[in-house]
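The structure under discussion appears below in the form of C-alpha cells.
Here, each number is a calculation from the coordinates, and none is a lab measurement. Model, not experiment: these values are computed from the prediction. Methodologically, a virtual Cβ is constructed for each residue, glycine included, from the backbone with ideal geometry; neighbour enumeration extends over all protein chains shown.
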Amino acid sequence: VGEATSRIPIIPLIVSPHSWSVLDANVSIFSPRVESQASCLGLYNRYQALRNESRGDWFTLVADSGKVLGISSAVHVEGKRFQVDGFCHESYAGMFGELIQTAISWCSDQGATQIIARLSSMDEEKQSLFESVGFHEQRLDGTFEHGNQKVDAVVYLLG
C-alpha cells in the first residue's frame with residue numbers, strides 16, 4: 001500500500017526517463033519525455049487523493065533499501081467497474097505483473113465485476129505487459145493530451 005513514507009521516494013521514479021508516454025492514467029502522470037513535471041511535491045498528493053476522496057487506492061513496489069521501484073493504482077469508475085494502471089522502473093519491468101496484480105486484487109476486494117485499463121496507443125510495451133496478466137484490447141476511448149500532443153487511448157479489459 002502506498003504510504004506517506006513514499007512521498008519523497010516516488011519522485012525519482014516518476015521524473016526519471018521512461019519509454020512509456022502515460023505512466024498512470026488514473027492520476028494523469030505522464031513520462032517526463034512528453035511532459036515535464038511542474039510540481040514534484042504534488043505527485044504524492046495526486047495518489048493520496050484517491051484514498052482520501054474514497055475514489056480508489058494506490059500501491060508501491062519498494063526495495064529493501066526503501067527505493068520505490070513501481071507504483072500501481074486502482075479507481076472506481078462506476079457501478080462495479082474499476083480501472084487500474086501503473087508503471088515501474090524499466091530495470092524492474094519483470095515485477096510489473098505483481099505490481100498491477102495488487103491493484104487488481106484491491107478492485108476484486110471492492111466487488112468489481114469489470115476491471116479495465118486505459119492505455120496510450122503509443123505504449124506498446126505497456127500494452128503487452130497488461131496482456132501478460134490477462135487483459136485484452138477492447139476499443140479506442142478518446143485521447144490523452146500531454147503538452148501539445150494528442151494520443152489515442154485504448155481500453156483493455158481483464159478477462
Practice item. First select every other residue whose beta carbon is under 12 angstrom from the beta carbon of Ser28; then total the charges, Lys and Arg +1, Asp and Glu -1. Key: -2
Study note, to complete from the structure: Gyration tensor on Cα atoms of the range 14-159, a ≥ b ≥ c root eigenvalues, a/c under 1.5 rounded, else prolate if a/b beats b/c, else oblate, says rounded
Practice item. Could you please report the charge total around Ser72, scoring K, R as +1 and D, E as -1 over all other residues with beta-carbon less than 11 angstrom from its beta-carbon? Key: -4
Check your understanding: To the nearest 0.05, how large is the calculated FRET efficiency for Ser65 and Arg7 if R₀ is 22 Å and r is the Cβ-Cβ distance?
Key -> 0.85
Practice item. If a/c stays under 1.5 just call it rounded; otherwise compare a/b with b/c (prolate if a/b is bigger, oblate if not). Do that for the range 72-154, with a ≥ b ≥ c from the square roots of the Cα gyration tensor eigenvalues. Key: oblate
Point to revise | Fully extended contour minus Cα-Cα distance, from Glu145 to Glu125, at 0.36 nm per residue | key: 5.2 nm
Point to revise | Normalised alpha carbon radius of gyration of the range 4-100 [divisor 2.2 N^0.38 Å] | key: 1.02
Practice item. Of the DSSP beta bridges with both residues in the chain, give the percent that are antiparallel, rounding to the nearest 5. Key: 90
Check your understanding: Peptides 109-116, 67-74, 151-158: what's the order by average Cβ count within 10 Å, highest mean first?
Key -> 67-74, 151-158, 109-116
**Study point:** Whole-Hz ³J(HN,Hα) from phi, Karplus 6.51 cos²θ - 1.76 cosθ + 1.60, for the range 71-80, glycine and proline x
**Key:** 9, 10, 9, 9, 10, 7, 8, 5, x, 10
Exercise for review: Quick one: net charge around Leu99, please, counting Lys, Arg +1 and Asp, Glu -1 for every other residue with C-beta under 15 Å from its C-beta.
Suggested key: -4
Check your understanding: Cα to Cα, under 20 Å, and not fewer than 8 places away if on the same chain: which aspartates and glutamates meet these conditions relative to Lys80?
Key -> Glu53, Asp57, Asp109, Glu137, Asp141
Practice item. Please give the length that would be gained between Ala49 and Ser91 if that part of the chain were fully extended, namely 0.36 nm times their separation in residues minus their C-alpha to C-alpha distance (nm, one decimal). Key: 12.3 nm
Review point. So how strong a dipole does the chain carry about its Cα centre when Lys and Arg Cβ are +1 and Asp and Glu Cβ are -1, to the nearest 20 debye?
Key: 320
